[in-house]
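Working notes for the structure below.
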Amino acid sequence: MLEVRGLTKRFGSVVAVEDFTLAVPDGEILALLGPSGCGKTTVLRIVAGLERPDAGRVLLAGRDATDWPPERRGVGLVFQSYALFPHLSVGANVAYGLRFKGGDREARVRELLELVGLSGYQRRKPHQLSAGQQQRVALARALAPEPRVLLLDEPLSALDAALRKDLRAELRSLLGKLGMTALYVTHDQEEALALADRVAVMREGRLEQVAPPEELYAKPRTPFVAAFLGRANLWPGRVVSVDGGRALVEVAGERIPTERGECEEGDEVFLFFRPEWVQVGEGAFVAEIESAEYLGDRWELRARFRGLPLVLVIAQDPRARATFSFAVSAAQAIRRQWPRLLSDNEPQPPAGDRQKRGIAHGPTAAESGPTWRARAKPLGALARSQAQTPRMTGCTERDGRMNPRNEGMPQVNDESEVAPPWPAGR
């Protein structure tokens, strides 16, 4: 079993990992998922012994391994770039991990190459292999010394989409056959859902939520997890009543029954539902179509309901109509999260909510409608329309301005009214 407790790691003034605690039982594949710069690889390097934490402990099989050197920990590591030795043959690369072990090395190399589907490749050099074959060699080398835990740092990210999909299925099957405990780092949501037994979502060095893939997708605990893990509709509203596990949420003048989640009566929440949970042609709600995108087996629509952005998927060509009626088959109330300190450019909670949480900084936003005001550099009407649909691309906690950890986040014109993005803060 792998366990980390209260890990904190700083690089100068930058906090890469903060109070991070996680346990991976024997035989489990756990995916560490999050945007670039959230601390995933730092956690992996701390577990491997390549970085020393400023605080916290690493436990392997119940023993404190925090101060152990990498070679004593008994972990295998597959790097993002594979890190094969170009001057060594495939067989020598695999055998490199066995240099401190006794036994028949050649037999072990043959066994591992057969396991990863590369029998007969012992004498080839890495440059004579395809990218997928190089990935298999790196995996065989990591498995050679029979590690307690296998650590994988985005091992499929350099491959094309079709090969990545094939290899992740092979990797899942292989790890299951070996009963291997694995910590798999990735920023690819689909990869994490398909490969892992559980998924841990990270944000800004902290753990947001850990759960099986199905639960994480259908019942996210925070707006960040909802928006980062696939497409999501997040409508701002308020809980007007609760009854057991159900809640009644007021959104844009309508009262919509939903799963309660962790909210209480009077809470400011987001009404969360996935695009595939929208049923077209049913219900009394009417939305206006803004754009339609053909994706082969389906159409993805962007629409608007009383000023709120709506994303949904349908099978039929929608271009002959301008409006449609719809209902939402399932939804969940997710409590909004606000930062303790707010800048002028950040979405603001209602005045009463700020007072309840002790937040005094920043102006009061108008709360008469389902919009917030945001000021940033203009990027035109297209960026403004994109900003109205919550989408996650490696965001920082404070705002949506362009920076290395928030690439691709659209800007809006100054004083434009936009639908609220996922909320910042914890």
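For segment 222-235, the condition of being surrounded by fewer than 20 Cβ atoms within 10 Å (Cβ to Cβ), in a strand (DSSP E or B), modelled with pLDDT of 95 or more and not aromatic (Phe, Trp, Tyr) holds for none of the residues.
Residue-level analysis places residue 287 among those that are farther than 30 Å from residue 1 by Cα, over 27 Å from the mean Cα position of the chain (by Cα) and crowded, with 19+ Cβ neighbours inside 10 Å.
Each row is one residue, and each column tells you yes or no for (1) within 27 Å of residue 61 (Cα to Cα); (2) small (Gly, Ala, Ser); (3) without any contact (Cβ under 8 Å) to a residue 24 or more places away in the chain.
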position	(1), (2), (3)
96	yes, no, no
108	yes, no, no
114	no, no, yes
123	no, no, no
135	no, no, no
153	yes, no, no
157	no, yes, no
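Taking the criterion of being open to solvent by 10 Å² or more (accessible area, probe 1.4 Å) and either at pLDDT 90 or above or among the aliphatic types (A, V, I, L, M) (or both), the residues of segment 325-355 that qualify are 325, 327, 328, 329, 330, 331, 332, 335, 341, 351. Looking across segment 239-254 at every residue that is surrounded by 12 or more Cβ atoms within 10 Å (Cβ to Cβ) and acidic (Asp, Glu), the one that is nearest to the chain's Cα centre (by Cα) is identified as 250.
Of the residues making up segment 293-324, those that are surrounded by 16 or more Cβ atoms within 10 Å (Cβ to Cβ), of a type in the set (A, V, I, L, M, F, W, C) and either touching a residue at least 60 places away in the same chain (Cβ under 8 Å) or under 26 Å from residue 254 (Cα atoms) (or both) are 301, 303, 305, 308, 310, 311, 312, 313, 314, 324.
A residue that is at positive phi, modelled with pLDDT of 90 or more and touching a helix residue (DSSP H, G or I) at 6+ places or on another chain (Cβ under 7 Å) can be found somewhere in segment 117-129. Residues that are open to solvent by 30 Å² or more (accessible area, probe 1.4 Å), closer than 19 Å to residue 166 by Cα, small (Gly, Ala, Ser) and at pLDDT below 95 do not occur anywhere in segment 89-105. Taking the conditions exactly as written (in contact (Cβ under 8 Å) with a residue 40 or more places away in the chain and of a type outside the set (Lys, Arg)), does residue 211 satisfy them or not? No; evaluated as a whole, the condition is false for this residue.
The values are calculated or read from the model by the stated rules, or taken from the named source; none is laboratory data. Treat the numbers as computed from the prediction; the structure is a model and nothing was measured. So basically every Cβ, Gly included, is an ideal-geometry build from the backbone, and we count neighbours across all protein chains shown. With ligands, DNA and RNA removed, areas are computed over all heavy atoms of the protein, side chains included. Shrake-Rupley method; radii C 1.70, N 1.55, O 1.52, S 1.80 Å.
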